[in-house]
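> I'd like to ask you about the structure that follows.
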Amino acid sequence: MERTGMAALVLAAGVIMSACGPRGSSTFPPQQNAVYVSREGELYTALMESYDPLDTGYRAEELQAMASRELADYNSQYGTPDTPEPVTLSQCTMEGGKASVVYQYASPEDLCRFTLISQDTANHPDSLVITTNTAGLTGSGPEGGWTDVRKNSAVTSQEVLKKKDLPMAVVSGPVTVQTEGKIIFYSGAVDLTDEYTAKVTEGTAWIVFR
């Protein structure tokens, strides 16, 4: 299927290494195509495009109008009295040859559904759950197959559970996840591109961060 709308603007899908923001936190907004998860469970996607600054066919106003139309269509169909705008536009910029559109989501379900409808294949997970290591691993989750990033060594889920209530993302499908805090444990098919960024290559991954 031919991609349309904002997703059709993604010309450069390569990962840009994220620099550090405030001490102990990653850069926000992300400087790469990624699902961003904050410590409080706030969810964003960043859609990046490279463009020729000398090409007058690229206009920030048109980019923002396109992004606004997409989320307005979504919100009109999936908004509720309690959450009339489950998707909002956090940022839309064009500067220095880089165009960036950042959406914020009311729930993981909205993120999965919106990226599917908008054909944002760079940021579309098959499923996404935001929880904590305590809630998400007690009596469930993988027993083994965990990596302690700090020691670069294998650990069990019991080791992961020693420190309580750490934020955790459970994501299925190939997608890049950028966390606000440093990733300290993960399980699944994950390539870490830096301290805050996990590229899930297949299946389901569990990502625990500070």
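> Mind checking which residues of region 103-134 are open to solvent by 70 Å² or more (accessible area, probe 1.4 Å) and either modelled with pLDDT under 95 or on the phi > 0 side of the Ramachandran plot (or both)?
Going residue by residue through region 103-134, those that are open to solvent by 70 Å² or more (accessible area, probe 1.4 Å) are 109, 113, 116-117, 121, 126, 129.
The one that is open to solvent by 70 Å² or more (accessible area, probe 1.4 Å) and either modelled with pLDDT under 95 or on the phi > 0 side of the Ramachandran plot (or both): T121.
> Across region 13-38, what is the number of residues that are at pLDDT 90 or above and open to solvent by 60 Å² or more (accessible area, probe 1.4 Å)? Spell out the reasoning first.
Taking region 13-38 and keeping what is at pLDDT 90 or above, we get 25-38.
With the extra rule that they be open to solvent by 60 Å² or more (accessible area, probe 1.4 Å), the set shrinks to 28, 31.
Of the residues in region 13-38, 2 are at pLDDT 90 or above and open to solvent by 60 Å² or more (accessible area, probe 1.4 Å).
> What are the residues in region 34-60 that are touching a helix residue (DSSP H, G or I) at 6+ places or on another chain (Cβ under 6 Å) and of a type in the set (D, E), if any?
E49
> Would you check if T80 is surrounded by fewer than 19 Cβ atoms within 10 Å (Cβ to Cβ) and in a strand (DSSP E or B)?
Values: surrounded by fewer than 19 Cβ atoms within 10 Å (Cβ to Cβ): yes; in a strand (DSSP E or B): no.
It is false that T80 is surrounded by fewer than 19 Cβ atoms within 10 Å (Cβ to Cβ) and in a strand (DSSP E or B).
> I'm told E109 meets every condition in (1) in a loop (DSSP other than H, G, I, E, B); (2) under 16 Å from G41 (Cβ atoms); (3) of a type in the set (D, E, K, R) except one. Can you identify the failing condition by its number?
Only one criterion is unmet by E109, namely (1).
> Still on this structure: Determine the pairs where a residue that is within 16 Å of E40 (Cβ to Cβ) and hydrophobic (A, V, I, L, M, F, W, C), located within region 130-152, has a partner that is open to solvent by less than 40 Å² (accessible area, probe 1.4 Å) and assigned to a helix (DSSP H, G or I) with Cβ atoms under 8 Å apart, the partner being 6 or more residues away or on another chain.
Pairs that qualify, where the first residue is within 16 Å of E40 (Cβ to Cβ) and hydrophobic (A, V, I, L, M, F, W, C) and the partner is open to solvent by less than 40 Å² (accessible area, probe 1.4 Å) and assigned to a helix (DSSP H, G or I), are I130/P108.
> What is the number of the single condition among (1) closer than 19 Å to T179 by Cβ; (2) touching a helix residue (DSSP H, G or I) at 6+ places or on another chain (Cβ under 9 Å) that L63 does not meet?
For L63, the failing item is (1).
> When the residues of region 139-151 are narrowed to those that are out of contact with any helix residue (DSSP H, G or I) (no Cβ under 6 Å at 6 or more places or on another chain) and not in a loop (DSSP other than H, G, I, E, B), which ends up most open to solvent (accessible area, probe 1.4 Å)?
By that ranking, first place goes to T147.
> Sort out which residues of region 152-196 are aliphatic (A, V, I, L, M) and either surrounded by fewer than 17 Cβ atoms within 10 Å (Cβ to Cβ) or outside any strand (DSSP E or B) (or both), and write them in order of number.
The initial filter retains those residues of region 152-196 that are aliphatic (A, V, I, L, M), namely 154-155, 160-161, 166, 168-171, 175, 177, 183-184, 189-190, 192.
Within region 152-196, A154, V155, V160, L161, L166, A189, L192 qualify.
> Right, next: Do you know which residues across region 83-102 are open to solvent by 10 Å² or more (accessible area, probe 1.4 Å) and more than 19 Å from Y58 (Cβ to Cβ)?
Across region 83-102, the qualifying residues are T83, P84, E85, T88, S90.
> With G41, G5 as the choices, which residue is surrounded by 11 or more Cβ atoms within 10 Å (Cβ to Cβ), modelled with pLDDT of 50 or more and out of contact with any Pro (no Cβ under 8 Å at 6 or more places or on another chain)?
Being surrounded by 11 or more Cβ atoms within 10 Å (Cβ to Cβ), modelled with pLDDT of 50 or more and out of contact with any Pro (no Cβ under 8 Å at 6 or more places or on another chain) holds for just one of G41, G5, which is G5.
> Shifting gears a bit: Failed condition for T201, given (1) in contact with a strand residue (DSSP E or B) (Cβ under 7 Å, 6 or more places away or on another chain); (2) over 28 Å from Q119 (Cα atoms); (3) surrounded by fewer than 22 Cβ atoms within 10 Å (Cβ to Cβ), with all others met?
All conditions are met except number (2).
> In region 33-58, what residues are within 30 Å of K182 (Cβ to Cβ) and either outside any strand (DSSP E or B) or β-branched (V, I, T) (or both)? I'd like the intermediate steps shown before the answer.
Filtering region 33-58 for residues within 30 Å of K182 (Cβ to Cβ) gives 33-50.
Hits for region 33-58 are N33, V35, V37, S38, R39, E40, G41, E42, T45.
> The conditions are (1) among the hydroxyl-bearing types (S, T, Y); (2) within 19 Å of the chain's Cα centre (by Cα); (3) at pLDDT below 95, and T88 fails exactly one of them. Which is it?
All conditions are met except number (3).
> Pairs please, first residue from region 96-110 and more than 17 Å from T27 (Cβ to Cβ) and of a type in the set (G, A, S), second anywhere and open to solvent by 10 Å² or more (accessible area, probe 1.4 Å) and at pLDDT 95 or above, Cβ atoms under 7 Å, 6+ apart in sequence or on different chains.
Note: pairs meeting the criteria are A106/T83.
The values are calculated or read from the model by the stated rules, or taken from the named source; none is laboratory data. Model, not experiment: these values are computed from the prediction. Glycine gets a Cβ as well: all are built from the backbone with ideal geometry, and neighbour counts include every protein chain shown. For accessibility, only protein heavy atoms count, side chains too; no ligands or nucleic acids. Shrake-Rupley method; radii C 1.70, N 1.55, O 1.52, S 1.80 Å.
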